[in-house]
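Below: the structure, in structure tokens.
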Amino acid sequence: MLMKTVLAAGLVAMGAAAAAAPPAWEGRWAMNSAWCAKQSDVEDESPDYYGVDGFYGQEWGCEILNIQETGLKNSWSLKLECSLPGETWEEERLMLLTNFDRLMFVFTSGDMFDLVRCPALPE
């Protein structure tokens, strides 16, 4: 009985640790790799941050209202609340993480864009 309790507690702890792991798409992303060199700059051509709380650029941000896996590998359906200074809106988009470590977004309008992952900042 004690062995089952210890095993169950270990599995619960492992599940909690796995749940706390950041998603594969979390990090800094840019429209092209040259922008990655400007990670600490505050300008239009610097990378944006994408994480579990939302997506953030220089003058814009999007809070994740809902995220669901689509059933296809490395793809999620998102509902976001986004804002610019003086403007707020909701939008839906599809997010895909490719095998080439690119992050693609497809909007309900049919527009899409493709981002490259920037290396992590040194600590």
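The values are calculated or read from the model by the stated rules, or taken from the named source; none is laboratory data. Fair warning: this is a prediction, and the values are worked out from it, not measured in the lab. Using ideal geometry, Cβ is built from the backbone for each residue, glycine included, and neighbour counts are taken over all protein chains shown.
Brief remarks on what is shown
- Within the stretch 86-123, being within 26 Å of Lys38 (Cα to Cα), acidic (Asp, Glu) and in a strand (DSSP E or B) holds for one residue alone: Asp114.
- Test: residue in the stretch 65-80 that is in contact with a Gly (Cβ under 6 Å, 6 or more places away or on another chain), more than 23 Å from Pro122 (Cβ to Cβ) and not aliphatic (A, V, I, L, M): no
- Summed over the stretch 69-123, residues that are of a type in the set (Gly, Ala, Ser) and touching a Ser or Thr at 6+ places or on another chain (Cβ under 8 Å) total 1.
- Among the candidates Asp44, Asp48, the residue that is under 14 Å from the mean Cα position of the chain (by Cα) and among the acidic types (Asp, Glu) is uniquely Asp48.
- Verdict on Asp101 being more than 17 Å from Trp25 (Cα to Cα), without any contact (Cβ under 8 Å) to a residue 60 or more places away in the chain and of a type outside the set (S, T, N, Q): no
- Residue within the stretch 29-44 that is basic (Lys, Arg), in contact with a helix residue (DSSP H, G or I) (Cβ under 9 Å, 6 or more places away or on another chain) and modelled with pLDDT under 95 present: no
- Restricting the stretch 63-91 to residues that are exposed (fewer than 13 other Cβ atoms within 10 Å of the Cβ) and charged (D, E, K, R) leaves a set whose member that is modelled with the lowest pLDDT is Lys73.
- Number of the exception - Ser83 against (1) assigned to a strand (DSSP E or B); (2) farther than 16 Å from Asp48 by Cα: (2)
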